[in-house]
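Any read-out appearing in this document is the output of simple, stated calculations on the displayed coordinates, not a laboratory observation. Small disclaimer: the values here were computed from a predicted structure and weren't measured. Cβ placement follows ideal geometry from the backbone for every residue including glycine, while neighbour counts extend to all protein chains displayed.
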Amino acid sequence: MIGCYDFCGHYEWTFAWIEKNFGHDVLLAYWKEAIAEDSQIHASQLIKEKGFAGMEEYWGHTLAEEGAAYTSSCGKDSFRIDMHDCPSKGFLLANGLSQHKDYCDHCIGWIGPMMKNAGFVVDHEHNHLGKCWWSYRRVGEARQPSDPKAATSNIEAMPGWAPSSAKIDRFNGATGADQKQA
């Protein structure tokens, strides 16, 4: 059995292998089918049943178990996560592992379809350096501004969010990794 962090290296290698041998569409299908519709079905059911409270419940324990440095806020119209230090991307960076061109896309690759199935869309940005933010809202609802009380935890306002070496990927109202904005 491999350890939790070692898993990230194998996971990332698998993404690169699938894409190289079968193409990007098959990788997108893998994220959707193998993760959103299979290994994370418990998260999908929880979010369908409880909405934003289900998101808070799921990510509250999952991110804590993974050792993520993050903050979250749950409102009546949205749920937001600010990832200050992603443990899996951090592991890859710390160990010089870089097989897939955008490891971070796997999150939106499975979370987007899961949210679509539950009636939500995703606003998200990641900087490829282990920092990102997520905001979930109901389909058809306007994008919510950041909560001013959360300004001290908003990753976009923190040093290191957008150094000159960072490429920021953006998704607005997305339900999959194929909706990255140029």
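Under a 10 Å cutoff between Cα atoms, tell me which one of Gly140, Gly51, Gly90 has the largest fluctuation in the Gaussian network model of the chain.
Judging by the Gaussian network model, the answer is Gly140.
Using only Cα atoms, what Kirkwood radius does the chain have, in angstroms?
Computed over the chain, the radius equals 16.7 Å.
Using helices alone, what [θ] at 222 nm do you get for the chain, with -39,500 (n - 2.57) per DSSP H run of 4 or more residues, divided over all residues and rounded to the nearest 500?
So the calculated ellipticity at 222 nm is -12500 deg cm²/dmol.
Give me the dipole magnitude in Debye, nearest 20, for the chain about the Cα centre, with unit charges on the beta carbon: positive for Lys and Arg, negative for Asp and Glu.
Charge dipole of the chain: 420 debye, to the nearest 20.
When Lys and Arg each count +1 and Asp and Glu each count -1, what net charge do the other residues less than 14 Å away from His42, Cβ to Cβ, add up to?
Taking every other residue near His42 into account, the sum is -3.
Please identify, among Asn117, Asn154, Asn21, the residue showing maximal mean-square fluctuation in a Gaussian network model of the chain using a 10 angstrom Cα cutoff.
Asn21
Normalising by the residue count of the chain, find the relative contact order in percent from Cα pairs under 8 Å and 6+ residues apart.
Computed value for the chain: 22 percent relative contact order.
Considering just Cα atoms, how many Å³ per residue does the convex hull of the range 81-182 enclose?
Residue-normalised Cα hull volume stands at 110 Å³.
Using r as the Cβ-Cβ distance of Asp102 and Ala53, and R0 as 35 Å, what FRET efficiency do you calculate, to the nearest 0.05?
Approximately 0.65, to the nearest 0.05.
Would you be so kind as to identify all helices of the chain, as entire DSSP H runs, whose Cα atoms reach 18 Å or more along the helix's own axis and whose mean Kyte-Doolittle hydropathy is at least -0.5?
Taking the DSSP H segments of the chain (at least 18 Å long, mean hydropathy at least -0.5), we get 4-22, 105-118.
Taking a ≥ b ≥ c as the square roots of the eigenvalues of the Cα gyration tensor of the range 1-99, is the shape rounded (a/c under 1.5), prolate (a/b larger than b/c) or oblate?
It is oblate, given that a/c is not under 1.5 and a/b is not larger than b/c.
Whose amide H sits under 5 Å from the amide H of Phe120, counting only residues 5 or more places off or on another chain, with H placed in the peptide plane?
Correct list: Val139.
What FRET efficiency, computed as 1/(1 + (r/R0)^6) with R0 = 25 Å and r the Cβ-Cβ distance, is obtained for Glu156 and Asn21, rounded to the nearest 0.05?
Result of the calculation: an efficiency of 0.10.
As a quick test, which of the pairs Lys20/Lys131; Lys48/Lys180; Lys50/Lys76; Lys89/Lys116 have an alpha carbon distance above 19 angstrom in this structure?
Over 19 Å Cα-Cα: Lys20/Lys131; Lys48/Lys180; Lys89/Lys116.
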